[in-house]
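Q: First the structure, then my questions, so here it is.
The values are calculated or read from the model by the stated rules, or taken from the named source; none is laboratory data. What you are looking at is a predicted structure, and each value in this text was computed from that prediction instead of being measured. Cβ placement follows ideal geometry from the backbone for every residue including glycine, while neighbour counts extend to all protein chains displayed. Side chains are part of the model used for accessible areas, which takes the heavy atoms of the whole protein and leaves out ligands, DNA and RNA. Shrake-Rupley method; radii C 1.70, N 1.55, O 1.52, S 1.80 Å.
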Number of protein chains: 2
Amino acid sequence: MIPSSLKSQTSVDVVRPLAPRQLKLVRDATQGGQTAGLASASPCANCVMHWACITGAVPSAQQERLDRMVHTWRKVGKGESLFRAGDTFHALYAIRSGSFKTVVSHPNGTSHVTGFQLSGETLGLDGIAADRHTCDAVALEDSTVCSMPFHCVEDLCQDIRPLQRRLHQLMAEEIVRESGLMLLLAGLTAETRVATFLLNLSTRMQDRGYSGSSFTLRMTREEIGSYLGMQLETVSRALSRFQREGWIAVSGKQIGIVKKSALSEL
Amino acid sequence: MIPSSLKSQTSVDVVRPLAPRQLKLVRDATQGGQTAGLASASPCANCVMHWACITGAVPSAQQERLDRMVHTWRKVGKGESLFRAGDTFHALYAIRSGSFKTVVSHPNGTSHVTGFQLSGETLGLDGIAADRHTCDAVALEDSTVCSMPFHCVEDLCQDIRPLQRRLHQLMAEEIVRESGLMLLLAGLTAETRVATFLLNLSTRMQDRGYSGSSFTLRMTREEIGSYLGMQLETVSRALSRFQREGWIAVSGKQIGIVKKSALSEL
DNA sequence: CGGCTGGTTGATACCGCTCAAATAATGTGG
DNA sequence: CCACATTATTTGAGCGGTATCAACCAGCCG
């Protein structure tokens, strides 16, 4: 189980184990009560992010076992860490709302953003390797996550084949994602990287029901730069150039995609 | 230590399903007969790479089921592909002898080496994500691999917890490895990358019973460059510089590590 | 309001890429 | 086994894309 003593920061790293009944209510609150009428049977099935979450693979007949597993949730305030490199690994986390960045650090002091995670995506896979996390997961905005104790996940995988399959896919997708990113970092120019980044973010926003052509960046230019292996000034210049060309509209963190084709042809 | 008395022919993509008894004999041949006296019980357990292989997690009581799973092996000649991007995913491969590179390609034609795999390491994890491989796996020298049909692996995982655990670790290790590589690509200078590469290879050779201070590169400067995100000339210059400084001894593909500390302090 | 973080833009330096040429290593056919 | 073709490696010279340094601006919050 998740010890409630998990590194608590300023205020918000509170883990709340709740009885299923209470949990339902809390979850409904998270969703602004929109699904209150439906929420009786199975909290996980009613989650707005169910479609993207690892738990989506569990057949409805076994939802009950799922809800027993996913029985804690957690708020993480903007700038706070869900876990840090070196923390012992307990659980995988499904992002219910908000977004995160993952950061790895080199002994020499430099650090690098290895990914941005949106709602529905999973955090913590890195911890499986050595029972210890190897990166920091930091919230880019006030966020909520569901905790899935990993030994419970492994237990469930024994009985629910689709879940096993899904977990394997999830990890493999992460492997593929990273190798794609390496190709980006190693081979392409700064502008191409920024363009690719915008397009990727665009489709992911669209998948979540937001507009793919107008969205808000939750991360700073510096974080984008770190992710893409360049300086923040270079990111800024690339965005300015794209705007001059009429391909995008930039206003601070607000991004509008005007000419997607131009970006993808870089 | 790694006996590759395996001669490669041109037509090597041969998969040979064998009865267990025959298999034993073939394997013993693969090992140069060194373990012939011991090989009666369980071929997998007698593999020289068992310690590093995913199958090392299977308790001896269940070796027999393992041997039923790992019942095909395959030679891959230098320069040939074990699988290619786009191939449908069937199996994971454990490298029994030799070494490989994995290469991903960008639509625009550029390609990038995402990793080098040595004996005992596993290939094919990328295919799990979409039942289709996303990279090419190319032998850097004449090599042999054991095929492990993935549906069999998943079946066995249901019954053998340690194997499930090991598979998860394996995938997570790959995730961690890649995020470390991204840090390398994004943040460090060309010389630092080359130094890190040499040190990494050195420890992996040592783990396999070779000297960590004197070994042969199986890949070209160009492949190293692709892996590290730089041009082959830059790799060559870095190696030359390290030699001028007296930190390493280079003679073509033969590398001697003279002053490990200097390399790690870059 | 004034400090502060985040973002934009400009000037300059430098690392690593590109092009080029010479040399070494490897493979092939006779 | 040699002669030749091919591939791999080293080294040099010059250019260009990014980093770096610096100045300035815009929100934001106490």
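Q: Looking only at the range A:202-239, count every residue that is within 14 Å of another protein chain (Cβ to nearest Cβ) and either within 8 Å of DNA strand C (Cβ to nearest atom) or surrounded by 15 or more Cβ atoms within 10 Å (Cβ to Cβ) (or both) and tell me the total.
A: Result for the range A:202-239: 12.
Q: Looking at B:GLU174, B:GLU121, B:GLU141, which one is within 11 Å of another protein chain (Cβ to nearest Cβ) and among the charged types (D, E, K, R)?
A: Testing whether each residue is within 11 Å of another protein chain (Cβ to nearest Cβ) and among the charged types (D, E, K, R) leaves just B:GLU174.
Q: Being part of a strand (DSSP E or B) and more than 27 Å from B:TYR210 (Cβ to Cβ) is the filter here, so list the residues in the range B:113-137 that pass it.
A: Across the range B:113-137, the qualifying residue is only B:ARG132.
Q: Quick one: is A:GLU141 modelled with pLDDT under 95 and farther than 16 Å from A:VAL58 by Cα? Walk me through how you get there before you give the answer.
A: Numbers: modelled with pLDDT under 95: yes; farther than 16 Å from A:VAL58 by Cα: yes.
Yes, satisfied.
Q: What is the residue count in the range B:69-110 for residues that are modelled with pLDDT of 90 or more and more than 17 Å from the chain's Cα centre (by Cα)?
A: 6
Q: Restricting attention to the range A:240-266, and to residues there that are open to solvent by less than 10 Å² (accessible area, probe 1.4 Å) and more than 22 Å from the chain's Cα centre (by Cα), which single residue is nearest to A:TYR210 (Cα to Cα)?
A: It comes out as A:ILE248.
Q: Residues of the range B:185-197 being surrounded by fewer than 22 Cβ atoms within 10 Å (Cβ to Cβ) and more than 7 Å from chain A (Cβ to nearest Cβ), which ones?
A: B:LEU188, B:THR189, B:ALA190, B:GLU191, B:THR192, B:THR196, B:PHE197
Q: Is it true that A:GLY246 is away from every other protein chain (no Cβ under 12 Å), in a loop (DSSP other than H, G, I, E, B), in contact (Cβ under 8 Å) with a residue 12 or more places away in the chain and closer than 30 Å to B:ASP131 by Cβ?
A: Spelling it out, it is not the case that A:GLY246 is away from every other protein chain (no Cβ under 12 Å), in a loop (DSSP other than H, G, I, E, B), in contact (Cβ under 8 Å) with a residue 12 or more places away in the chain and closer than 30 Å to B:ASP131 by Cβ.
Q: If the requirement is being β-branched (Val, Ile, Thr) and either within 16 Å of DNA strand D (Cβ to nearest atom) or without any contact (Cβ under 8 Å) to a residue 40 or more places away in the chain (or both), which of these qualifies: B:VAL145, B:VAL138?
A: Every option except B:VAL138 fails the conditions.
Q: Something else: What number of residues within the range A:148-171 satisfy the criterion of being more than 10 Å from chain B (Cβ to nearest Cβ) and in contact with a strand residue (DSSP E or B) (Cβ under 8 Å, 6 or more places away or on another chain)?
A: Total satisfying the criteria: 2.
The rows are residues; the columns are (1) outside any loop (DSSP other than H, G, I, E, B); (2) over 24 Å from A:VAL104 (Cα atoms); (3) small (Gly, Ala, Ser).
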site	(1), (2), (3)
A:SER202	yes, yes, yes
A:GLY212	no, yes, yes
A:ARG218	no, no, no
A:ILE224	yes, no, no
A:GLU233	yes, no, no
A:SER236	yes, no, yes
A:LEU263	yes, yes, no
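Q: What tally of residues in the range A:89-112 results from selecting those that are part of a strand (DSSP E or B) and farther than 30 Å from B:THR192 by Cα?
A: Count: 7.
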